Amino acid sequence: MLKTGILNPQLNSLLSRVRHTNTLVIADRGFPSWPGVETIDLSLVDGVPTVLQVLAAIRANFVIGDVRMASQFLDHNTAETKAAFARALEGIPVTHEDHEGVFKPRVPRAIGLIRTGDTTPYANMVITSA
């Protein structure tokens, strides 16, 4: 029995199948489902868990090469929220790109999508493994 780390068996299985340069999506509660993309739904209630909580949980044993986020994240969030994301992503290259035109078209190529209960506007991330 696992005593520490990721305890969710579906999430553990998904993470163990991500290889070099594969992508993984961490999404907020309103992000659409994608046929053909394995989805692990961790949402419980609004705000539980958050994108940053999931990121922190997987970052301990997952090598992240870079992160893509919607440029709209910068326009729709407070300085405090942007600072919290910057701290959580410290040391990782982050690219902000248009949500509809560039970000969403990346999703179907992901190994999987982790849905959270996060209500932060445009908090979604496409993570590339290193």
_Potential lengthening between residue 78 and residue 8 on full extension [0.36 nm per residue; Cα-Cα distance subtracted]_ = 22.0 nm
*Compare the Cα positions of 50, 9, 110 along the charge dipole of the chain (+1 at Cβ of Lys, Arg; -1 at Cβ of Asp, Glu; about the Cα centre) and return the one farthest towards the positive end.*
9
_Nothing charged except the Cβ atoms of Lys and Arg (+1) and of Asp and Glu (-1): what's the magnitude of the dipole of the range 22-129 about its Cα centre? Round to the nearest 20 debye._
220
*Starting from the range 58-130, pick out the GluC sites (Glu not before Pro) whose DSSP state is loop and whose Cβ has at most 14 other Cβ atoms within 10 Å.*
90
*Within-14-Å neighbourhood charge of residue 42 [Cβ basis; K, R +1; D, E -1]*: -3
*State which stretch of the chain is the longest one without any exposed trypsin sites (Lys or Arg not before Pro), exposure meaning a DSSP loop state and at most 16 other Cβ atoms within 10 Å.*
20-130
*asked:* If each DSSP helix of 4+ residues adds -39,500 (n - 2.57) and the sum is divided by the residues in the chain, what number results at 222 nm, nearest 500 deg cm²/dmol?
replied: -7000 deg cm²/dmol
*Environment charge at residue 21 (Cβ cut-off 15 Å; Lys +1, Arg +1, Asp -1, Glu -1)*: +4
*asked:* Given contacts defined as C-alpha pairs under 8 Å and at least six residues apart, what's the relative contact order of the chain, whole-number percent?
replied: 50
*Report, as a whole number in µm² per second, the diffusion coefficient that Stokes-Einstein gives for the range 1-96 at 10 °C and 1.306 mPa s using the Kirkwood radius over alpha carbon pairs.*
106
*asked:* Can you pull out the chymotrypsin sites (Phe, Trp or Tyr not before Pro) in the range 22-111 whose DSSP state is coil and whose Cβ has at most 13 other Cβ atoms within 10 Å?
replied: none
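A short reminder: the numbers here are calculations on the coordinates, not readings from a lab. Not measured: the values here are computed from a predicted model. Note that each Cβ is placed from the backbone with ideal geometry, even for glycine, and that neighbours are counted across all protein chains shown.
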